[in-house]
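Okay, structure first, notes after.
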Amino acid sequence: MTSAIYAKAAFRARSIRWGFIWALWCAVLWGAWYVPGAAIWQEQPFAAIDMNDTRQFLTAAAVITTFNACAVLLFLFLWLVVLDKFGDFVRTATRVRKISKWYFAAAIFGGPMAIFGSFLAMGYVGAVFAAISGLLYPIVGATIARAWYKERITMRAALGILVIVGGGIAIYAPGILGELSNASTNKVSWLGYLGGAMAAFGWGIEGAVAGRALDVTDPDCGITVRFTAEVFYWACLVLPALALFGDVDVIQLILATLNLKALTWLLLAGITFGFCYVSWYKSFPLIGVGRGQAIAALYGAFAVVFLAVFTLQFPAWNFLVGLALVVGGAFMMYTEKSDVLEVVRAL
């Protein structure tokens, strides 16, 4: 009996540790995604888009998001082949009534809402604003998970989430002030602010919705079903509707995107965001939606690091303050007693 109790405690501790490791990997890769995600706007044909023409800009953002989703799905299929899980993916996708419907719903909030909104925020306001607006998503996700299926969010975890969000704000404060002042001269910059809100609410809701199915499915298969649904939404519904009813030549824009520089950035965005999502979904069953999203929100610090490396614009003193806060918030959550995390949600 003693050995069984010890084995159970060791398994629980190992699962929780891996939950935090996966969430941290998500933060690293998510932060790296902002480099190609922002750089694609500087390549043709998107660099020539008239920002004051709302229809042109929205169409460009839709095309970028579609290519991003396709690139992510490409790497996820390769991931499944390497893991020999393609058969499990087919079985998961075909269980529509009880399982895959949750991933199809998560794709709506994570794709056309969150990722599309993030690209809007990057294009209209800037990468810094897009990153900081997305930082609010753990609050949304934790609140929904707590209200919907009674996920346990202790006072310590809630305080850790707030500290991480506060650290992200401190990191981005100087940059966001500059971006907001520049955006104020743009008559349609409100679309960028709307995109930031879409990112925060979309990713928060997606985590709560996907968490419902991740208890009974493999995360590698679940995330592939989710991006299969997103590619379907964009390629079969949204872009054809824009081509039929919009005033922008969508087909020409898609063909113009098929150049080496644009595709290189899109593939880099696909591989970073694809495996970021793999890590994100793997963390939810182990430590819960609220904690997984909060640790992944450390992407704010990593985004600053990656942007500084690639742009040679190194962060100021406020980065050190913000970094101390986000690390402190993550440490508060990681050091929570393991028995608190043994059952993270109601069955």
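The values are calculated or read from the model by the stated rules, or taken from the named source; none is laboratory data. Quick caveat: nothing in here was measured; it's all calculated off a predicted structure. For neighbour counting, all protein chains shown are included, and Cβ atoms are generated from backbone atoms with ideal geometry for every residue, glycine included. We work out accessible area using only protein heavy atoms, side chains counted, and drop any ligands, DNA or RNA first. Shrake-Rupley method; radii C 1.70, N 1.55, O 1.52, S 1.80 Å.
Close amide-amide hydrogen proximity is noted between residue 297 and no other residue 5 or more places distant or on a separate chain, at a cut-off under 5 Å (H modeled in the peptide plane; Pro and chain starts excluded). Rolling a 1.4 angstrom probe over the chain with all protein chains present gives an accessible area of which 72% lies on carbon and sulfur atoms.
Between residue 237 and residue 215, the contour length at 0.36 nm per residue exceeds the Cα-Cα span by 4.9 nm.
Just order 246-255, 210-219 by mean Cβ neighbour count inside 10 Å, highest at the front, would you?
210-219, 246-255
Which sequence of 97, 291 reflects their accessible areas, 1.4 Å probe, from the largest down?
Numbers: 97 170, 291 0 Å².
Correct descending sequence by accessible area is 97, 291.
Pick out which of 151, 230, 43 has the largest mean-square fluctuation in a Gaussian network model of the chain, springs linking Cα atoms closer than 10 Å. Answer for the Gaussian network model of the chain: 43.
Residue 310 to residue 3: extension gain in nm, 0.36 nm per residue of separation minus the Cα-Cα distance? Walk me through the intermediate numbers first.
Numbers: separation 307, 0.36 × 307 = 110.52 nm, distance 5.16 nm.
Stretched out fully, the residue 310 to residue 3 stretch lengthens by 105.4 nm.
For region 182-310, a simple Cβ point-charge model (Lys and Arg +1, Asp and Glu -1, everything else neutral) yields a dipole of about 280 debye relative to the Cα centre.
Under 10 Å, Cα contacts only: if you run a Gaussian network model on the chain, which one of 29, 83, 159 comes out with the highest mean-square fluctuation? Comparing 29, 83, 159 in the GNM, the peak value goes to 83. Note on surface exposure: 101, 282 rank 101, 282 by accessible area, highest first, 1.4 Å probe.
Length gained on full extension, residue 244 to residue 50: 67.7 nm, using 0.36 nm per residue less the C-alpha separation. Using a Gaussian network model on the chain with a 10 Å cutoff between Cα atoms, which of 199, 13, 32 fluctuates the most? Ranking 199, 13, 32 by mean-square fluctuation puts 13 first.
May I ask which of 8/85; 85/282; 8/98; 98/282; 85/150 have a Cα-Cα span longer than 22 Å here? Numbers along the way, then the final one.
Working: 8/85 27 Å; 85/282 15 Å; 8/98 30 Å; 98/282 20 Å; 85/150 31 Å.
Cα-Cα > 22 Å for 8/85; 8/98; 85/150; rest within.
Accessible area per residue for the chain is 44 Å², calculated with a 1.4 Å probe on protein heavy atoms, without ligands, DNA or RNA. Kirkwood radius and radius of gyration were both taken over the C-alpha atoms of region 66-131, and their ratio Rg/Rh is 1.10. Angle of helix 299-311 to the longest C-alpha principal axis of the chain, folded into 0 to 90 degrees and rounded to 10: 40°. Of the options (1) 76, 59, 40; (2) 66, 41, 37; (3) 70, 50, 34, only one is Cα extents along the principal axes in Å as computed from these coordinates, and that is (3).
Rounded to the nearest 10 square angstrom, residue 51 shows an accessible area of 60 square angstrom against a 1.4 Å probe.
Accessible area per residue was computed with a 1.4 Å probe on protein heavy atoms; residue 237 scores about 90 Å².
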